[in-house]
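Enquirer: Quick one: this structure, given as structure tokens, is what I'll be asking you about.
The values are calculated or read from the model by the stated rules, or taken from the named source; none is laboratory data. As the structure is a computational prediction, the values presented were derived from the model and not from experiment. Don't worry about glycine lacking a Cβ; one is built from the backbone with ideal geometry, like all the others, and counts go over all protein chains shown. Please note that ligands, DNA and RNA were not included when accessible areas were found on the heavy atoms of the full protein model with its side chains. Shrake-Rupley method; radii C 1.70, N 1.55, O 1.52, S 1.80 Å.
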Amino acid sequence: MNNKLEIYCVTNKKLSYLENFDYNLAAVGTDSFSDKYIKCNYGDNIFNKEKYYSELTFQYWFWKNKLDINKNNWLGFCQKRRFWIKKNSTNESIDLNNFQEHFLKEAPNEWENYDSIICNPIEVNNVKKMKMIKRGFKSIIKNPSIFYDKNKRTINLHFDMHHGYGNLDKAINVLNNNDKEDFRDYVNSQTSYSANNMFIAKKEVADKWFNDVFDWLFACEKIIGFKNLKGYETRMYAYLAERYLSFWFNKYANP
């Protein structure tokens, strides 16, 4: 097995403690970065959409300008404040003094029978009822049972509450026909997903993922746009990709 792991940490702020670490630092946002950070504002890029796409801004640039599917090593992405750690470090207290001992730097042998790694899912159904009234009133009117039944507080409800009512359903309408109804069923039945657009994968898997997710997001731009996105909705395209990632990797890969 090829244990080489190539990790890119995407950040909009300088991370001085990582500048001499084994990770590749990737810069997004408006700050000024040194040559220790990989820039993504040249070549084939979507840098002008960074505030809407966030970490995906770099991932798109990497896909279009640097991804070599002929290299048989693992490719991974993390982001500022969220990192991959070794399995035996899960219950350890990790800080700036010891992080180098715990951050994942090579692929463990147990990955041999897999082609991708995604984050442990986070639950979204533990919502306080007052917040549901404040943010999810339209959803409660449509289906009052969600107020009492945690299993009805799905990914779709969570998206409606925080990123604009109806936006996820509207986006699914322009998804490719192979995934459209499967993904709609997924977000309306599941109560957890793998967040933060973080994954590790074989490069051919990453290439297929990028092709599908960006094809969808660019279609979403035509119906959602940018000018009306404010507050939690601003990073709309990053949030859409998060929900699609869990579904896609479980359908098309072996995570």
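Enquirer: Pop a pseudo-label 7 angstrom from the Cα along the beta-carbon direction at both F218 and Y17 and give the gap in nm to one decimal.
Expert: Rounded to a tenth, the inter-label distance reads 3.9 nm.
Enquirer: How charged is the neighbourhood of I85? Take every other residue with its Cβ under 11 Å from the Cβ of I85, and add Lys/Arg as +1 and Asp/Glu as -1.
Expert: After counting each charged neighbour, the total is +2.
Enquirer: Label the range 1-83 by shape, choosing from rounded, prolate and oblate, from the square roots a ≥ b ≥ c of the eigenvalues of the Cα gyration tensor; if a/c is under 1.5 it is rounded, and otherwise prolate applies when a/b is larger than b/c, oblate when it is not.
Expert: Taking the square roots of the gyration eigenvalues as a ≥ b ≥ c, the range 1-83 is oblate.
Enquirer: Let me spell out the model: positive unit charges on the Cβ of Lys and Arg, negative unit charges on the Cβ of Asp and Glu, origin at the Cα centre of the chain. What dipole size does that give, in debye rounded to 20?
Expert: Dipole about the Cα centre, nearest 20: 1180 debye.
Enquirer: If Lys and Arg each add +1 and Asp and Glu each add -1, what is the summed charge of the other residues whose beta carbon sits under 13 Å from the beta carbon of R153?
Expert: +3
Enquirer: Another question, then. With each label point set 7 Å from Cα along the Cα-Cβ vector, what nm distance links R81 and E106?
Expert: 3.3
Enquirer: Counting each DSSP H run of 4 or more residues in the chain as -39500 (n - 2.57), what helix-only mean residue ellipticity at 222 nm follows after dividing by all residues, to the nearest 500 deg cm²/dmol?
Expert: Value at 222 nm, helices only: -10500 deg cm²/dmol.
Enquirer: Out of N98, F83, Y193, whose Cα points farthest toward the positive end of the dipole of the chain (charges: +1 Lys, Arg; -1 Asp, Glu; placed on Cβ)?
Expert: The residue sitting farthest along the positive end of the dipole is Y193.
Enquirer: Could you identify which residue out of D169, D22, D149 has the top mean-square fluctuation in a GNM of the chain using Cα springs shorter than 10 Å?
Expert: Residue with maximal mean-square fluctuation among D169, D22, D149: D149.
Enquirer: Would you work out what percent of the accessible area of the range 85-236, with all protein chains in place, is carbon or sulfur (probe 1.4 Å)?
Expert: Answer for the range 85-236: carbon and sulfur cover 46 percent of the accessible area.
Enquirer: Let me spell out the model: positive unit charges on the Cβ of Lys and Arg, negative unit charges on the Cβ of Asp and Glu, origin at the Cα centre of the range 153-197. What dipole size does that give, in debye rounded to 20?
Expert: The calculated dipole for the range 153-197 is roughly 120 debye.
Enquirer: Then there is this: Distance between Cα centroids, the range 37-51 to the range 80-125: provide it in whole Å.
Expert: 27
Enquirer: Quick one: ranking S194, S145 by accessible area, 1.4 Å probe, largest first, what do you get?
Expert: Ranking S194, S145 by accessible area, largest first, yields S145, S194.
Enquirer: Please list the helices of the chain that count as membrane-span-like by this rule: a mean Kyte-Doolittle hydropathy of at least -0.5 together with Cα atoms stretching 30 Å or more along the helix axis, each helix being a complete DSSP H run.
Expert: Correct list, ordered by number: 203-224.
Enquirer: I've got another one for you. Would you report the distance distribution of C-alpha pairs in the chain as whole percents per 5 angstrom bin, up to the bin with the largest distance?
Expert: Taking all Cα pairs of the chain, the binned fractions are 1, 6, 12, 16, 18, 17, 14, 9, 5, 2, 0 percent.
Enquirer: Taking the solvent-accessible surface of protein heavy atoms with a 1.4 Å probe, what is the per residue accessible area of the chain in Å²?
Expert: 52
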